[in-house]
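Below is one structure, written out as structure tokens; comments come after it.
The values are calculated or read from the model by the stated rules, or taken from the named source; none is laboratory data. Treat the numbers as computed from the prediction; the structure is a model and nothing was measured. Using ideal geometry, Cβ is built from the backbone for each residue, glycine included, and neighbour counts are taken over all protein chains shown. Remember, those area values only see protein heavy atoms, side chains included, never the ligands or the DNA or RNA. Shrake-Rupley method; radii C 1.70, N 1.55, O 1.52, S 1.80 Å.
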Amino acid sequence: LPTFTQVSMGDYHSCGLTGSGAAYCWGDDFNGEVGNGAGSGNQTRPVAVDMSNLPAGEGFISLALGRDHSCGLTNSGSAYCWGRDGEGQVGNGSTTGNQTSPLAVDMSNLPAGEGFVSLSLGGNHSCGLTSSGSAYCWGADSNGQVGNGATTGNQTRPVAVDMSNLPAGEGFISLSLGVYHSCAITNSGSAYCWGYDSDGQIGNGATTGNQTRPVAVDM
């Protein structure tokens with residue numbers, strides 16, 4: 001087994017990335033989150049992720065894991081996801097149940113030529129950050145965690161996060177996802193969050209229920 005350059009953990013599974021861009025996963029595989037082409041129960045040691053759906057010469061440069069799904073970012077800025085897809089978190093344009101091998105995320109809502117530079121995964125949703133500082137999310141949106149300005153159920157492909165609350169010229173430089181909410185840091189060091197706010201996790205000074213677009217954390 002090659003040496004790992006990165007490891008990432010979900011709720012019950014783990015993945016490692018090698019220097020050559022290959023991924024290996026282990027742990028719970030009842031939803032296909034190990035990605036070896038079979039939802040085979042528990043994997044007690046790393047197994048190779050089936051990368052046959054990637055174009056020739058493409059490899060992963062980073063991995064991100066959620067509760068029951070996994071995603072990899074390729075060197076061309078494309079995203080591939082696998083595992084549980086009951087809420088569209090695999091992002092391929094349909095809710096397809098369990099995906100046991102990586103599938104290409106449908107990035108048709110992104111501007112021409114735009115790709116992702118990082119990915120972050122939550123409980124049942126996923127988000128990607130572009131080089132221009134925009135965020136796109138997909139998957140479960142029962143609590144506004146996709147951030148597009150509406151609680152729209154399941155989003156099966158990336159949709160643009162509504163960044164209208166940010167000051168002119170501000171963009172995101174990093175994303176982090178929880179089970180039902182999402183947060184991002186801007187280039188000025190401010191934090192914005194969206195999604196479920198039952199316990200003040202949005203951080204805007206009030207417990208406001210669901211926030212469907214980013215709101216400034218009260219710093």
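Could you work out what % of the accessible surface of segment 117-217 is carbon and sulfur, using a 1.4 angstrom probe and leaving DNA, RNA and ligands out of the count? Carbon and sulfur atoms account for 47 percent of the accessible area of segment 117-217. Counting only protein heavy atoms and a 1.4 Å probe, the chain has 40 square angstrom of accessible area per residue.
Work out the FRET efficiency for residue 151 and residue 56 from their Cβ-Cβ distance, taking R0 = 35 Å, and round it to the nearest 0.05. Working from the Cβ atoms, E equals 0.30. Whole-Hz Karplus values for segment 7-24 come out as 10, 9, 10, x, 5, 9, 9, 9, 9, x, 10, 9, x, 8, x, 8, 10, 10 Hz, taken residue by residue from phi with 6.51 cos²θ - 1.76 cosθ + 1.60 and θ = phi - 60°; glycine and proline positions read x. Working note: Karplus 6.51/-1.76/1.60 with θ = phi - 60° gives segment 110-125 the couplings 7, x, 4, x, 8, x, 8, 10, 7, 10, 9, 10, x, x, 9, 9 Hz, where Gly and Pro are set to x.
Measuring between their Cα centroids, segment 1-73 and segment 186-208 lie 31 Å from each other.
Given the alternatives (1) 17.1; (2) 20.1; (3) 19.0, Kirkwood radius over Cα pairs in Å as computed for this entry is given by (1). A dipole drawn for segment 74-194 from +1 and -1 charges on Cβ atoms has a positive end, and of 82, 111, 140 the residue lying farthest that way is 82. Taking amide H as placed 1.01 Å from N in the peptide plane, the amide H of residue 156 sits under 5 Å from that of 139, each at least 5 places away or on another chain.
Stretching residue 76 away from residue 20 to a fully extended chain increases their span by 18.7 nm, per 0.36 nm per residue minus the current alpha-carbon distance. Spin-label pair residue 44-residue 114: with each label point 7 Å from Cα along the Cα-Cβ axis, the two points sit 4.7 nm from one another.
For segment 46-124, the relative contact order is 31 percent, taking Cα pairs closer than 8 Å that sit 6 or more residues apart in sequence and dividing their mean separation by the residue count. Close amide H contacts of residue 148 (hydrogens built in the peptide plane, cut-off under 5 Å, sequence separation of 5 or more or a different chain): 162. Rounded to the nearest whole Hz, the Karplus-based 3J(HN,Hα) values (6.51 cos²θ - 1.76 cosθ + 1.60, θ = phi - 60°) of segment 126-132 follow the sequence 9, 9, x, 10, 9, 5, 8, with x at glycine and proline. If the viscosity is 0.692 mPa s and the temperature 37 °C, what Stokes-Einstein diffusion coefficient in µm²/s follows for segment 49-113 when Rh is the Kirkwood radius over Cα pairs? Calculated translational D: 274 µm²/s. In this simple spin-label approximation, residue 132 and residue 12 carry label points 7 Å from Cα along the Cα→Cβ vector, and these lie 4.1 nm apart. Rg and Dmax of segment 137-209, both derived from C-alpha coordinates alone, stand at 11.9, 32 Å. Close amide H partners of residue 105, meaning residues 5 or more places away or on another chain with modelled amide H under 5 Å apart, are 79, 80, 81.
Rounded to the nearest 0.05, what FRET efficiency do residue 96 and residue 198 give with R0 = 35 Å and r taken as the Cβ-Cβ distance? Could you check? Let's see the in-between values first.
On the way: r = 30 Å, r/R0 = 0.86.
The computed FRET efficiency comes out at 0.70.
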